[in-house]
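Structure record follows, encoded as structure tokens.
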Amino acid sequence: NGNGNGNGNSSAMIHSVIAVLSKDFCTSMNANYRKGGLIGIAATAIGLMHNTSMYLDALLPPVLHCFDDPESRVRYYACESLYNIAK
């Protein structure tokens with residue numbers, strides 16, 4: 001159907017977006033990319049609203065990994081992201 005309204009299709013697309021944010025941004029050598037990835041993950045969690053729990057397995061690992069980042073601003077954004085996932 002191509003409209004993205006099917007549950008399976010939407011779920012696969014959401015996992016795909018989280019994977020790009022996680023792998024391409026949150027693990028980047030560039031601290032600004034890591035911060036951007038964390039902001040994207042937080043925005044994804046906000047957009048998922050009450051369905052966030054269905055994606056915790058994908059949302060949490062990159063955020064938790066960034067708690068150990070050498071850059072303090074990345075660690076700060078990891079806290080912000082975790083807050084948005086939890087609320």
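The one condition from (1) farther than 13 Å from Ser81 by Cα; (2) open to solvent by 30 Å² or more (accessible area, probe 1.4 Å); (3) within 11 Å of the chain's Cα centre (by Cα); (4) not aliphatic (A, V, I, L, M) that Thr27 does not meet is (3). Screening the candidates Gly2, Gly37, Gly8 for the property of being surrounded by 12 or more Cβ atoms within 10 Å (Cβ to Cβ) and either at pLDDT below 95 or under 10 Å from the mean Cα position of the chain (by Cα) (or both) yields one hit, Gly37.
Scan the range 57-82 for residues that are under 25 Å from Ala12 (Cα atoms) and either surrounded by 12 or more Cβ atoms within 10 Å (Cβ to Cβ) or at pLDDT below 95 (or both) and the total you get is 12.
The values are calculated or read from the model by the stated rules, or taken from the named source; none is laboratory data. Every value quoted in this text rests on a predicted model; they were computed, and no experiment measured them. Neighbour counts are summed over all protein chains in view; Cβ atoms, including those assigned to glycine, are modelled from backbone coordinates with ideal geometry. Side chains included, ligands, DNA and RNA excluded: accessible areas come from the protein's heavy atoms. Shrake-Rupley method; radii C 1.70, N 1.55, O 1.52, S 1.80 Å.
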